[in-house]
Structure formats: structure tokens, C-alpha cells
Amino acid sequence: MHQLSFFPSRTMALYVGRLFLVRSFSILFALVLVLQTLDLLGESGKILAVAGNGDGEVWRYVGMRVPQIIETFLPFSVLLATILTLATLNQNSEVIAMKAAGMSAHQVLAPLFLAAFLIAGVSFAFNERIVTRSTAALSAWQKVEYAKVPPDSGVRTNIWVRAGDDLINAGAVETGGPTIVLRDITVYERTQGVLSSMLKADSARQVAGGWEMTNARRFLRRSGTVEQLGTITAMQGVRRDQFTLAQVDGDELPFTQLRSAIADLEAAGRPVDALKGVLWHKISGPLSSILMPLLGAVAAFGLARSGKLFVRAILGMFLGFAYFVADNFALAMGDLGAYPPFLAAWGPFILFALIGEMILIRTEE
């Protein structure tokens with residue numbers, strides 16, 4: 001029966017799970033304390049260099065930066081806690097006692113998987129509710145070099161929109177008034193992907209049937225001539241929201257809002273593959289905590305007195321850090337368009353889950 005039960009001993013599961021959770025959050029606290037101190041050494045000078053800033057602004061920066069550090073290094077703390085917990089259990093011959101009682105390697109690791117799943121859930125909720133808001137606020141503050149953040153003027157610059165085969169560039173989009181006003185518009189009119197003419201105008205306002213463009217002129221590529229058109233109506237079928245969609249930063253939006261923004265950007269004809277990768281990674285990132293007990297499991301098994309416990313611990317640490325390197329590499333390839341969004345977010349997770357399971361089965365099962 002023990003072989004068929006995932007948790008054959010409730011007491012053992014609580015004991016191992018408690019060790020793992022306490023060490024995970026203890027290591028996380030130490031990492032955050034050290035890394036925030038080092039980060040503050042470089043940023044406090046920039047914050048205090050702005051007239052009017054004082055200790056309050058320094059603590060404000062700490063409040064916005066700590067959630068980002070927690071998000072980044074929580075999986076690292078879970079990995080280190082896994083290796084420390086399993087190495088300690090192995091050193092004290094507790095793993096041998098568990099296996100002598102008939103527990104399999106997966107049953108020994110089961111409490112860690114459950115605790116890691118709880119950590120992943122807390123991490124996802126923390127990222128959605130706190131990290132996204134602090135990232136957006138800190139990004140806006142850093143853009144003005146820690147000065148007072150000015151109110152939004154409602155002006156967007158250098159906006160590109162696709163309308164069928166044509167490309168539209170607005171030098172400025174004014175959204176502060178009752179209607180949207182486009183300034184310095186250029187419409188690259190293309191036929192089967194080849195530029196045929198360029199329509200330019202000083203300004204444009206949306207009217208029934210399209211956009212009313214003032215001082216319009218069209219440059220014809222084949223003849224090399226310019227036609228003065230005056231005030232015309234053009235850009236039929238182009239919606240106003242295609243110009244009002246600001247640059248979307250996936251790290252600053254919760255999952256549901258980012259998914260909605262991606263749908264809007266797709267409707268506007270803008271590339272969204274990089275954002276889709278970020279969207280999927282909002283799930284695969286927290287779930288990486290569940291992967292750490294599997295990658296660090298090599299530290300749990302094998303005789304401690306054989307002298308190879310340290311080597312096993314180093315191997316587990318190597319596997320964990322190799323996963324983080326592969327994860328960041330895949331996300332970078334996704335941003336460049338070399339990897340599909342799903343592969344960029346989930347590829348390393350699936351690959352290292354298979355590697356960890358293979359090592360566990362070959363060595364202990």
C-alpha cells in the first residue's frame with residue numbers, strides 16, 4: 001500500500017515540507033537583503049541627486065524594487081533550499097530510513113513537490129497583484145530620472161499602424177481633446193508588398209468614412225512627381241483605437257490585462273509574438289519552483305559516507321542554474337522571433353522536467 005500512496009507518512013510529509021518551506025523563505029530573505037543593499041548602493045546617489053528628494057524617496061525606491069527582486073530570485077531560493085534540505089536529510093541518513101521503510105524516490109520528494117506547488121501559487125498571485133504595479137511605477141519614475149513624474153499629456157509619438165497592405169506612420173497622436181488628432185502623417189501605399197506611392201498630410205481627424213487629411217500630397221514612385229491634393233478623406237477602415245494603443249510592456253500588466261492588450265494589438269495589425277511569450281511565461285515562471293525539487297533530487301540519494309554528497313549537491317545546483325540560463329535564452333529568442341511564443345515560455349520547463357525525471361529514474365528507481 002505504501003508504494004501506491006503518494007504520501008505514505010503524514011508525519012514525514014509535514015516534517016520534510018516544513019524544513020523545505022522554512023529554508024526556502026529564509027534563503028529568499030537573505031538574498032533579498034543582500035541584493036537590495038547592493039542595488040541601493042548604486043541607485044541611492046542618483047535618487048538623492050535630484051533636488052527635493054530625501055530619505056522618503058529612497059525608501060519609496062526600496063518598496064518598488066524589493067518585489068522585483070523577490071520575483072526574480074524566488075526560484076533560486078527554492079533551488080538552494082531543495083539542495084540544502086535533501087543534502088541534510090541524506091547526511092543524517094534520514095533518506096536511507098525512508099527508503100528502508102519502503103518509500104520510493106518520488107514518495108521521498110512528494111512533500112517538496114507539494115510545498116513547491118504552494119510556493120508557485122503564492123508567487124503567481126504576488127506577481128499579479130504587486131510586482132506588475134511596482135514595475136510600472138518604478139519604470140515611470142526611472143524614465144524621469146527619479147524626479148517628479150509628470151501627468152500624462154495624452155500625446156503619443158511615432159506610432160505605426162498597418163491597414164491592409166499599407167503602412168501608416170503618425171509623428172504624433174494627440175488624445176487629450178474631445179477627438180483624436182494625428183500630426184505629420186505618412187501613408188505608405190503598397191501593392192502586393194511593393195511601394196507604389198506615399199501620401200503625406202499635416203494633420204488628420206476621423207470623420208464618417210475615414211480620416212479628413214489637411215494639406216495632403218501624394219508622391220508617385222514611378223513618375224517621381226508630387227500631387228497636391230489639399231483636404232481629402234482617406235484611410236478608410238482605420239480605427240481610432242489603432243493609434244491610441246500605447247507601447248505595451250508585458251512585465252507591467254497582469255495576465256488578464258496583458259491578454260486583452262495582445263488581442264487589441266493583433267486587431268491593430270501589430271506584432272505580438274514577444275508579448276505572447278511573456279504572457280505564457282507568467283505561468284511557466286512561477287511553476288519553475290515545482291521543477292527545483294526534481295533538479296535538486298540528486299543531492300538526496302546515494303550514500304553520504306561515499307564522499308560524493310558534495311559532488312551530487314554541485315550537480316543539482318548546476319542543473320538548476322542551467323535551467324535558468326536556458327529559460328532566459330529561450331525568452332530572448334522569443335523576443336527576436338526565432339522561437340514561437342509557446343516554445344519560448346515552456347520549452348526549457350518541459351526539457352528540464354524530462355532531464356530531471358530521467359536522472360531520478362536511472363539513479364534511484
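Given the conditions (1) touching a Ser or Thr at 6+ places or on another chain (Cβ under 9 Å); (2) without any contact (Cβ under 8 Å) to a residue 24 or more places away in the chain, report the number of the one that Leu182 does not fulfil.
All conditions are met except number (2).
Which residue pairs have Cβ atoms closer than 6 Å, lie 6 or more positions apart in sequence or on different chains, and pair a first residue in region 52-72 that is assigned by TED's automatic domain parsing to the domain that holds Val131 and under 12 Å from Thr132 (Cα atoms) with a second residue that is hydroxyl-bearing (Ser, Thr, Tyr) and surrounded by 16 or more Cβ atoms within 10 Å (Cβ to Cβ)?
Within 6 Å, the pairs are Met64/Ser134; Pro67/Ser134.
Residues checked against (1) surrounded by fewer than 15 Cβ atoms within 10 Å (Cβ to Cβ); (2) in contact with an Asp or Glu (Cβ under 8 Å, 6 or more places away or on another chain); (3) not aromatic (Phe, Trp, Tyr):
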residue	(1), (2), (3)
Ile168	no, no, yes
Glu189	no, yes, yes
Val207	yes, no, yes
Gln228	yes, no, yes
Met235	no, no, yes
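If you go through region 321-331 one residue at a time, how many are under 23 Å from Gly250 (Cα atoms) and surrounded by 14 or more Cβ atoms within 10 Å (Cβ to Cβ)?
7
Every residue in region 46-72 that is surrounded by fewer than 19 Cβ atoms within 10 Å (Cβ to Cβ) and among the aromatic types (Phe, Trp, Tyr), please.
Correct list: Trp59 only.
When you check Phe20 against the structure, is it farther than 23 Å from Met317 by Cβ, among the aromatic types (Phe, Trp, Tyr) and either modelled with pLDDT under 95 or not assigned by TED's automatic domain parsing to the domain that holds Met317 (or both), yes or no?
no
Got a number for residues in region 347-365 being within 21 Å of Ser77 (Cα to Cα) and either crowded, with 18+ Cβ neighbours inside 10 Å or of a type in the set (Gly, Ala, Ser) (or both)?
Summing the residues that are within 21 Å of Ser77 (Cα to Cα) and either crowded, with 18+ Cβ neighbours inside 10 Å or of a type in the set (Gly, Ala, Ser) (or both) in region 347-365 gives 5.
Please enumerate the residues belonging to region 209-226 that are surrounded by 12 or more Cβ atoms within 10 Å (Cβ to Cβ), among the polar types (S, T, N, Q) and over 43 Å from the mean Cα position of the chain (by Cα).
Asn215
Tell me yes or no: at least one residue of region 27-45 is surrounded by fewer than 14 Cβ atoms within 10 Å (Cβ to Cβ) and in contact with a helix residue (DSSP H, G or I) (Cβ under 9 Å, 6 or more places away or on another chain).
So far as region 27-45 goes, yes, one or more of its residues are surrounded by fewer than 14 Cβ atoms within 10 Å (Cβ to Cβ) and in contact with a helix residue (DSSP H, G or I) (Cβ under 9 Å, 6 or more places away or on another chain).
The values are calculated or read from the model by the stated rules, or taken from the named source; none is laboratory data. Remember, predicted model here, so these are calculated numbers, not experimental data. Virtual Cβ from ideal backbone geometry, glycine too; neighbours counted across all protein chains shown.
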